[in-house]
Structures are given as C-alpha cells and as structure tokens.
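These notes are about the structure you will find just below.
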Amino acid sequence: MNNAYEIVKEIRTYAKENNVPIMLDDGIEFLTKYIVENKINTVLEIGTAIGYSAIMMALANPNLTVTTIERDEKRYLEALKNIKKLNLENRITLIFNDALDVNIEGKYDLIFIDAAKAQSIKFFEKFERNLNPGGVIVTDNLEFHGLVKKKEEEIESRNLRALVRKVKEYINFLKANDRYQTEFLSIGDGISVSKKIENK
C-alpha cells in the first residue's frame, strides 16, 4: 500500500492520455470525505470506467467494500488490473455487464451513479431497492461540462443536445421525487446527493 499514491497517479495519467472520463479532483475529494464522515461501509457503483473512483473510495475507508459495474470490456480489464495493483480485489467486486441487465441482491449505504447519462433515471429506479435505510444515491456529471447551464441553441451537436436534455430530465426527476431529499452541489462536474426519507 506504500506505493498507492504512485499507482493512483498512474491511473489518472492513463485516463488523461486515453480520454477516459474520471471524477474531477474536487468531486472525488467531496465523495471520499462524505464516505469517511458518514461512515459509509458499502457502495454500489454504476460505471467503473478504469476503477479510479472505486479505488479512491476504498482507500479512504479501510472498512469499505465496493461492488462496481462496467459494460466496456477494455475499461473493465484496465480496472481489474488497477484494482489488483493495489491489492484491493477482496474489497472491490467488479462486474462486467450492462448495469440494466444486472440484478444485485445486496443492500448498500451509498449508490454512486456515474455511467451513461441518458440512463440515469433507469439506473436510479432499478437500484434504489438496493439502498439501506437512510442510504444515499450520489450522481456525478450533472453540470455536464457546463453545458446544462447553456441554452439549447448554443450547443451545436445534436447528440450533445439530446444528452443535455436527458441530464435536465434527470435533475427534474430528482427535484420531483418526494421520497428523497436531494441536494445539488456545484462541485467537480456537478453532484447530487439524494437521501432516502424514511417511511416514504
């Protein structure tokens, strides 16, 4: 574990060089701090990419276990390699599949949605049953590189416009969901923290 910092640096460099989206520094700082302060011990992550956030969460809390799902084979294999480098295989369980095709049995203190933006509502609705009482669902990229705050006509790409629309739909879905108390934070690329309201 002594060289954990060096390995994390290598992962970040790989992500930058290979255009793999990973959490921004202040986003990961917020997430790991939240995990420590709220004594989060079990996490379900939707969207592993190359394992950066799962690793950072596991390093922040030595009692933490993470189940994480990735559908891209190249990223899944890279994540597997990174997790092994840090000897975290016993604490991070990696599943290679589309999250919408996976049935998870366990219960988790925190569910972290960091995958295909167009599917966020589906992910939320599918996995909320896996949330422990008093648990939270955290979602990343709600500012979508600043595009969410732009007018639609200012975004040239039609595909990007459609994705931004989906992110806005998800934000509205969270705001309208009275079974959760959601806080929106302008940290990293925009983060939401949705806490389950008991008896709802």
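Considering only alpha-carbon pairs that sit under 8 angstrom and 6 or more positions apart, the relative contact order computed for the range 4-196 is 20 percent. Springs between Cα atoms under 10 Å define the GNM used for the chain, and in it the highest mean-square fluctuation of Val102, Val164, Val138 occurs at Val102.
Relative contact order for the range 65-124: what percent, with Cα pairs under 8 Å and sequence separation of 6 or more?
38
Placing unit charges on the Cβ atoms of the charged side chains and taking the dipole of the chain about its Cα centre, the candidate lying farthest along the positive direction among Asn18, Ala49, Ala99 is Ala99. Of all aspartates and glutamates in the structure, those lying under 17 Å Cα to Cα from Lys166, and not within fewer than 8 positions of it along the same chain, are Asp114, Glu125, Asp140, Glu143, Glu152, Glu153, Glu154, Glu156, Asp189.
About its Cα centre, what dipole magnitude does the chain give when the only charges are +1 on Lys and Arg Cβ and -1 on Asp and Glu Cβ, stated in debye to the nearest 20?
Values: 30 positive and 31 negative charges, 57 e Å.
Using Cβ point charges on Lys, Arg, Asp and Glu, the chain gives about 280 debye.
The helix-only estimate of mean residue ellipticity at 222 nm for the chain, built from DSSP H runs of length n ≥ 4 each weighted as -39500 (n - 2.57), is -12000 deg cm²/dmol after division by the residue total. For the residue pairs Lys9/Lys122; Lys85/Lys196; Lys9/Lys39; Lys16/Lys196, the alpha carbons lie more than 31 Å apart in Lys9/Lys122; Lys85/Lys196; Lys16/Lys196. When only the Cβ of Lys, Arg, Asp and Glu is charged (+1, +1, -1, -1), the dipole of the range 24-118 relative to its Cα centre reaches about 260 debye. Mind telling me which of Asn177, Asn61, Asn18 comes out most flexible in a GNM of the chain, alpha-carbon contacts under 10 Å? Result: Asn18 has the largest fluctuation of those listed.
Taken together, the values in this text are just the output of simple stated rules run on the coordinates, not laboratory data. What you see is a predicted model; the values in this text were computed from it and never measured. Positions of Cβ are generated from backbone atoms using ideal geometry, with glycine treated the same way; all protein chains shown enter the neighbour counts.
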